[in-house]
Structures are given as structure tokens and as C-alpha cells.
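Presented below is the structure to which this report refers.
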Amino acid sequence: MESNSNKQHDNSQSIYSSYQGMSSPYSAHPQQLTNATGYEKSGVLYTSQTPLYQQNGIVTMPTYQIVWKNKLPTAITTNLRMFLFISGFIYSFWGISMTSLQVAIVINTFSTSYYGFYLGAFLIITGIVMMVVAFRSYYPLIHLKRIYNINLCVCLLGLIFSITDYTRSTRCSSTSSSYCDDTLASHLKIILVITYVLGFIHTIINTSFISKEHQQTVLKANSDVANY
């Protein structure tokens, strides 16, 4: 019995010594202990948890420094002002030409197609907007880019309608009216088709130029924020 008791005592001593030799996972952070209820204390970082943020190695940017591309105004320089004014005047010219040609076609062929009135009026309004922007000091060019995208659709629709009207046009009857002139009407319709083609090309040029100017403004703003 005494030998068994000695063996149990020796085993207890060896287990206790082994337990003392083990490093506690909380030895480096003695404050990371649980409370009396066995639950983790709030606000204490435990070894199994990952920090939500780190103060070293992370660069934070204030919200007010975020660059909003769609709201960046571009400075209207002298060259840009001249471009907007001249391009706006040409836009108005295309619109007036389309409207006038459509009136002449209606008079000479008794046509019931009035698409040139609406599409021409839209181009006139676009030209006026561009000339107004030319006299401003700053303006978000992204707005003009959206208008140009609509103009592309307008010119494309006008081109389709004018070609369709030209191919499906009927000759005037001798009893219809003395104002009906097949040759003149045919020439006017061809000129109208050419006008829509030129308006479409002009819009592509404007879109490319304005997009480049707006992109330079965005890059400059991003550079200023990075160097802040």
C-alpha cells in the first residue's frame, strides 16, 4: 500500500511539473482573462481574435477628399472656350439646315414626315447650350458628354429616316400641285442625308475632345489628392 501511495505521489509530482513547464497562451497578455462568469470581457483583444484595424501601414483618406468624377468642374480655358463656341455655332447651323431642308421637302413633295423639325430643334438647343457654357469659368464637362451621346442617337435616327424617305418617295402626279418638283425634292433629300452624316461625324469629334478634357481634369484632381 505504501509503495502504491508513493507511485501516485510521484505521478502527481511529474504531472504538476509538466503543467508548470507549459507556457500559458495568455502569459504574454495577462490582462486577457475571462471574468468570473466565464464570458469574455468586452473591449479586450483575445489571442484568437483578429484586430478590426491597424494603425501602422494603412493610409486612410478622409471622405471629403474622395474625387467624384461626375461632379468635377473643368476650367474653361481660352482654347476650350473657342472650341465650345465654334462647335456650338456649327451645331446650330446643322439644326437650322435640317429644319429648313425638311420644310422644303414637305412643300415640294407634300411629305408628311416631320422628323427633321424635331431632330433639327434638338441640335439647335445643343448648340445654344455649348455657346452658353463657353462663357462660363468652370463647368462639369461630363454633362456635355451625355448630351453628345444623345446627339449621336438623334443623328443616327435622322440618317435612317432620311434614307428610308428617299428610297420610298413617290413621284409627283401632274394634277397634284404646281409646287411639286421631283428633281428638287430628290436633291433636297440627298442634301438632308449628307447633313445628318456630317452632324454624326461632328458629334463624334466633340465627344472625343470633351472626354479627353474631362479625363485630364480627373487625373489632375487625383494627383492633387495623392499629394495632399
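The values are calculated or read from the model by the stated rules, or taken from the named source; none is laboratory data. From a predicted model like this one, the values you see are computed outputs, not experimental measurements. Note that each Cβ is placed from the backbone with ideal geometry, even for glycine, and that neighbours are counted across all protein chains shown.
What to note about this one:
- Screening Ile86, Ile191, Ile90, Ile107 for residues that are at pLDDT 90 or above and more than 32 Å from the chain's Cα centre (by Cα) leaves exactly one candidate, Ile191.
- Residue in segment 129-144 that is in contact with a helix residue (DSSP H, G or I) (Cβ under 6 Å, 6 or more places away or on another chain) and charged (D, E, K, R) present: no
- Condition check for Tyr118 on (1) under 21 Å from Tyr166 (Cβ atoms); (2) surrounded by 18 or more Cβ atoms within 10 Å (Cβ to Cβ): one failure, at (2).
- Pairs meeting the criteria (first residue in segment 188-202 and in contact (Cβ under 8 Å) with a residue 60 or more places away in the chain and within 12 Å of Leu156 (Cα to Cα), second residue assigned to a helix (DSSP H, G or I) and not hydroxyl-bearing (Ser, Thr, Tyr), beta carbons under 6 Å, at least 6 apart or on different chains) are Thr195/Met98; Tyr196/Cys155; Tyr196/Gly158; Tyr196/Leu159; Gly199/Trp94; Gly199/Cys155.
- Verdict on Ser186 being among the small types (Gly, Ala, Ser), in a helix (DSSP H, G or I) and over 30 Å from Asn79 (Cβ atoms): yes
- Hits in segment 75-110 - residues which are part of a loop (DSSP other than H, G, I, E, B) and in contact (Cβ under 8 Å) with a residue 60 or more places away in the chain: Ile76, Phe110
- Candidate set from segment 140-183 (those that are outside any loop (DSSP other than H, G, I, E, B) and modelled with pLDDT under 80); member that is surrounded by the fewest Cβ atoms within 10 Å (Cβ to Cβ): Thr183
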